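One structure below.
The values are calculated or read from the model by the stated rules, or taken from the named source; none is laboratory data. The structure displayed is predicted, hence computed values, not measured ones. For neighbour counting, all protein chains shown are included, and Cβ atoms are generated from backbone atoms with ideal geometry for every residue, glycine included.
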Amino acid sequence: MMLHRAGQIELPRVRFTPHNPLVRRERPTPVLIDTTPHYGPLHQLQPIEFGAVRRSGDEPLFNSLIEQHHYLGYEQPVGEHLKYLVWAQGRPVACLAWSSAPRHLGSRDRFIGWSAEARRRNIRFLAYNTRFLILPWVQVEHLASHILGRMAKRLSEDWERIYGHPIYFLETFIDPERFRGTCYRAANWVVLGRTTGRGKNCPTKRPNRSIKDVLGYPLVPHFRELLAER
């Protein structure tokens, strides 16, 4: 292929391009559920239950809710990832998705203080919150920060059960033009800095996407020592 592009040889025309389901995925099918508005204090919503739905019968519901109601829509995660539906009174009230963390993130790497070698070795111990959705008909004060706090207590154990290793640090991006990240701050997440806006595959040093706030949450007190190990 490189010799063809350089004009040194000429390859025949492509006769057939096989379907790649990872490139062209069908969008999640809408699922109809009860959207009766729910207002009131948090205690009236209890008990709140979490369900890990990856590879379960509830995964299509999760995908559909994210596609319909999250401003970024649904994207199929790659690599290690978990999906959760949060239930109350027999109805879903929230969705969370977690995946492998980006390999290079300056503000996070400076906060952790690890070397490039330690980062390559230990990046698997970080989880990235790719989606967090409180369903729009659920208006309950403090619900979002409550969910984040509950999530932080169980994610590492769930991850280790599925992938064979724990999680020591959580991170997420917030678009400051849309959100303030109030629920993360209320759940004691720390603002680490901002992204460069270039993305991981940007060939230049110029921003090509919106700049995001980077927030992090250590799951263990000695996370720096664990993540700096080679």
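A search for C-beta distances below 7 Å between a residue of the range 90-114 that is touching a residue at least 60 places away in the same chain (Cβ under 8 Å) and any residue that is outside any helix (DSSP H, G or I) and of a type in the set (K, R), counting only pairs 6+ apart in sequence or on different chains, returns P102/K200; H104/K200; S107/R194. Restricted to the range 28-61, and to residues there that are in a helix (DSSP H, G or I) and in contact with a helix residue (DSSP H, G or I) (Cβ under 8 Å, 6 or more places away or on another chain), the residue that is farthest from V86 (Cα to Cα) is L42. Among the residues of the range 135-144, is any surrounded by 15 or more Cβ atoms within 10 Å (Cβ to Cβ) and assigned to a helix (DSSP H, G or I)? Yes.
This table checks each residue for (1) of a type in the set (D, E, K, R); (2) touching a strand residue (DSSP E or B) at 6+ places or on another chain (Cβ under 6 Å); (3) modelled with pLDDT under 95.
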{"site": "Y184", "(1), (2), (3)": "no, yes, no"}
{"site": "G197", "(1), (2), (3)": "no, no, yes"}
{"site": "N201", "(1), (2), (3)": "no, no, yes"}
{"site": "K205", "(1), (2), (3)": "yes, no, yes"}
{"site": "G216", "(1), (2), (3)": "no, yes, no"}
{"site": "P221", "(1), (2), (3)": "no, no, no"}
{"site": "L226", "(1), (2), (3)": "no, no, no"}
{"site": "E229", "(1), (2), (3)": "yes, no, yes"}
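For the range 150-177, a tally of residues being part of a helix (DSSP H, G or I) and surrounded by 13 or more Cβ atoms within 10 Å (Cβ to Cβ) returns 9.
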